[in-house]
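Quick note: the coordinates plus some simple rules give every number you see, no bench work behind them. Just so you know, these numbers come straight off a predicted model, no measurement behind them. Neighbour counts run over all protein chains shown; Cβ positions are idealised from the backbone, glycine included.
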Amino acid sequence: MCTKASPLLLLLACCVWSAASQSDGRRSIWDEPIRFSTKNKDSCTMVVTGQGEFTRLRLSCQSNKRSYWCEYLGKPYTCRSYSKNPRHYFVQMMWGLRKLQNACMGPKQIKPHMCRKATDDSQMVFSTASFSRQWPEIVTRTQTRPQPQPKPQPRPAPTRPDVSRYASIPRSPTRAQTPRRTSPPPTAPPEESNPKRIARLYCWRSLHGVCSYVIGLFRD
């Protein structure tokens, strides 16, 4: 009978040992909170637990003047790097939260650097908090279709002026063209007399008149 019971006892011992080892593993990762201080000197604690297929992160902070808490949900196990070092996943989250004055005022989605190449399922998403939060709406740019250009309208044909319209307008009297004054033709210089010519040739200029008079007496 002992021989028959030994395999059952061995199997039970293996199950208990496996469960104990898993319990110790969870205790070393999940039950040890991650502690840090914010920029505003708030003392905070990060506790990670499982909730079905989701992983829950509860962040609790306290100071002399206030206390608050918030929770994140996600599936970090979908990240391959998370399975190698789960605790470091949340340590990297803590590095970003400790830079804030309020640790629960972080982003709505947090994906640590170690899982930056993983899908969005591996990120932790803000779930609830002890105070109300408003998230800015993400405005998506819609592609505006180019509006069709209006077709050019044909130009109207030029219209001929109405001759009858201008026929009734009285014409202003035209000025009579006055004949231009013509200058008289230049008169030929009078023929120079013989005494004056002789006086001009043989007498001084100042004595032309006297010489021509004397010569005229002699010629007469």
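Odds and ends about this structure:
- Charging the Cβ of each Asp and Glu at -1 and of each Lys and Arg at +1, and nothing else, the dipole of the stretch 42-120 about its Cα centre rounds to 220 debye.
- Computed log10 I(q)/I(0) for the stretch 17-129 at 0.14, 0.23 Å⁻¹: -0.56, -1.34, from the Debye equation with unit scatterers placed on every C-alpha and solvent omitted.
- Derived scalar couplings between HN and Hα for the stretch 60-70 equal 10, 10, 8, 9, 5, 9, 7, 8, 7, 8, 7 Hz in order, rounded to whole Hz, by the Karplus curve 6.51 cos²θ - 1.76 cosθ + 1.60 (θ = phi - 60°), x for Gly and Pro.
- Ordered by the count of other Cβ atoms within 10 Å of each Cβ, fewest first, I110, I198 give I198, I110.
- Couplings for the stretch 45-59, taken from phi via the Karplus curve 6.51 cos²θ - 1.76 cosθ + 1.60 with θ = phi - 60°, read 9, 10, 10, 10, 9, x, 9, x, 7, 9, 10, 9, 10, 10, 10 Hz in order; Gly and Pro are left as x.
- Full extension of the segment from F131 to K39, taken as 0.36 nm per residue of separation minus the current Cα-Cα distance, would add 31.2 nm.
- Ranked L97, L73, criterion: other C-beta atoms within 10 Å, fewest first: L73, L97
- Each residue of the stretch 96-101 is assigned a 3J(HN,Hα), and the resulting list reads x, 6, 6, 7, 8, 6 Hz, derived from the Karplus form 6.51 cos²θ - 1.76 cosθ + 1.60 (θ = phi - 60°), x at Gly and Pro.
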